[in-house]
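For reference, the structure discussed in these notes is given below.
The values are calculated or read from the model by the stated rules, or taken from the named source; none is laboratory data. Remember, it's a predicted structure, so these values are computed and weren't measured experimentally. With ideal geometry, Cβ positions are generated from the backbone for all residues, glycine too; neighbour counts draw on all protein chains shown.
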Amino acid sequence: MPYAYDDQNIFAKILRGEIPNKTVLETEHSLAFEDIEPQAPVHVLVIPKGAYVSYDHFAREASDSEIVDFNRAVAEVCRMTGVHLDGGGHGFRAITNAGTHGVQEVPHYHLHILGGRQLGRMLQRA
């Protein structure tokens with residue numbers, strides 16, 4: 001998948017307010033909201049407000065302030081949802097998918113924060 005951004009993807013529509021969401025946290029450069037098909041008791045998506053397709057696109061082209069804001073938003077979501085390790089939480093999984101081999105469904109960079117139960121192995125050995 002090239003870095004050409006499709007501004008009609010569902011997350012772009014959420015950012016424009018065209019589709020409602022259950023916001024967990026909003027900052028200057030990031031939005032975190034509950035996944036509509038949660039795979040764990042805690043399942044929050046954190047997205048940058050900028051037009052980035054994947055993690056590597058974001059890491060390469062985002063401004064320092066966008067990168068810092070996004071990472072601090074992730075930390076705050078972990079704290080707010082109780083999955084962080086610094087307050088008695090039992091941990092979480094952070095997942096991002098990129099491109100066809102990564103099974104990316106929405107072409108806007110997003111990070112899944114999953115927790116609230118034992119999640120099991122991420123991948124099976126080939």
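Structure notes:
- Any hit, region 60-71, residues being at pLDDT 95 or above and in a loop (DSSP other than H, G, I, E, B): yes
- Members of region 84-98 that are within 22 Å of Lys49 (Cβ to Cβ) and more than 11 Å from the chain's Cα centre (by Cα): Ala98
- Condition met for Tyr55 (touching a Phe, Trp or Tyr at 6+ places or on another chain (Cβ under 7 Å), among the aromatic types (Phe, Trp, Tyr) and more than 19 Å from Arg16 (Cβ to Cβ)): yes
- So Arg93, is it surrounded by 12 or more Cβ atoms within 10 Å (Cβ to Cβ), within 15 Å of Ile113 (Cα to Cα) and out of contact with any strand residue (DSSP E or B) (no Cβ under 9 Å at 6 or more places or on another chain): no
- In region 13-33, the qualifying residues are those that are touching a Phe, Trp or Tyr at 6+ places or on another chain (Cβ under 8 Å) and among the aliphatic types (A, V, I, L, M), and the one that is farthest from Leu45 (Cα to Cα) is Ile14.
- Residue in region 75-83 that is in a loop (DSSP other than H, G, I, E, B) and either over 17 Å from the mean Cα position of the chain (by Cα) or among the small types (Gly, Ala, Ser) (or both) present: yes
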